[in-house]
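Structure first, commentary second.
The values are calculated or read from the model by the stated rules, or taken from the named source; none is laboratory data. Being a predicted model, the structure only gives us computed values, none of them experimental. Reconstructed Cβ throughout: ideal geometry from the backbone, glycine too, with neighbour counts over all protein chains shown.
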Amino acid sequence: MLFRQVGQIHFQRSALTGFAIVLALASVNLWAAVGALFASAVALATAYLARLPREARVDGLYGFNAALTGAGLLSFFAPGPLLFAYLALVSVASTFVSARWTAWGRLPPLTLQFVLAMWLALAIESAFGQRISPPGCEDSWTSVICNVGQVTFISGLRPGLVVLFAFAWHDKEEAFWLAAGAAVAWMASDALDLFAPGLAAGEQLVGLAVNAALIGQGLTVFGRRPGVRLAGILLSVPVCLALAAAGVKYFTLPFILVTWAMLLSSAPRVAAPPAAREAA
């Protein structure tokens, strides 16, 4: 269940996927992998002690935001006691928020708790000491694979391939649309840099690709038709650029907003499985 929570960052009820993410992350930033596992363990312990519903707990639905926050915080900040204390508090709070949200069930929580936790961390960053910059991806075809890994702060071609193969092992269609979202974002950023250089889309490549990739995968999980998936991917580009122009450090906020909008405005092609309806 510890690794399954990590896998649910990508909608996958799979300990193998979670293990692949942690392994790839450790090859890039060992502390980020430690942060993801620490947060996942705190969330899992919280769910057990609070006796939250077993099915959702086993599916890993209560801890994926905590795991992603752990990877994010240790990618932006050097490790320290205050940082891990903050991560523990966030992981406990996120578990209860996820439980309440899952019971509500109108819309999936996605990665909202992660975004809020990262915003708060940036607001009080002076308390955490040294700030570091997570590695990005080159602007080439390899960025498609690299940016698939960037969802969980993994950089590099080979680590990206590891996680992409793990996703494909679990579900080939999800893996295809995850990569398709990253590919569309890469092509869109290059086109915008050529025809509208003032938008500085290339500088937002990681943000564009991460959000487009998650939207492609998420709308697949929720059973939306390919046209809806593509529309969501394309819509994410102006949303990312608008938030960046407004000075918002958006993380996965465009993914959340666009996915919610597409879910509310479209009907599923087929019913999504119960775990997917509640997943990240």
Among the listed residues 131, 100, 106, which satisfies the condition of being over 28 Å from residue 220 (Cα atoms) and among the basic types (Lys, Arg)? 131
Among the residues in segment 171-182, are any of a type outside the set (D, E, K, R), surrounded by fewer than 21 Cβ atoms within 10 Å (Cβ to Cβ) and closer than 30 Å to residue 265 by Cβ? yes
Restrict the check to segment 78-88 and report whether at least one residue is within 24 Å of residue 165 (Cβ to Cβ) and out of contact with any Gly (no Cβ under 8 Å at 6 or more places or on another chain). no
Reported set for segment 95-139 where residues are farther than 22 Å from residue 81 by Cβ, of a type in the set (Gly, Ala, Ser) and in the same structural domain as residue 31 (by TED's automatic domain parsing) is 98, 99, 103, 105
So which helices (runs of 4 or more DSSP H) stay within segment 51-120 end to end and still have 1 or more residues that are at pLDDT 95 or above? 64-76, 81-104
Which of the residues that make up segment 213-251 are among the hydroxyl-bearing types (Ser, Thr, Tyr), assigned to a helix (DSSP H, G or I) and either over 20 Å from residue 8 (Cα atoms) or not assigned by TED's automatic domain parsing to the domain that holds residue 265 (or both)? 236
Search result, residues across segment 95-123 that are touching a Leu at 6+ places or on another chain (Cβ under 9 Å), small (Gly, Ala, Ser) and within 20 Å of residue 45 (Cα to Cα): 98, 99, 117
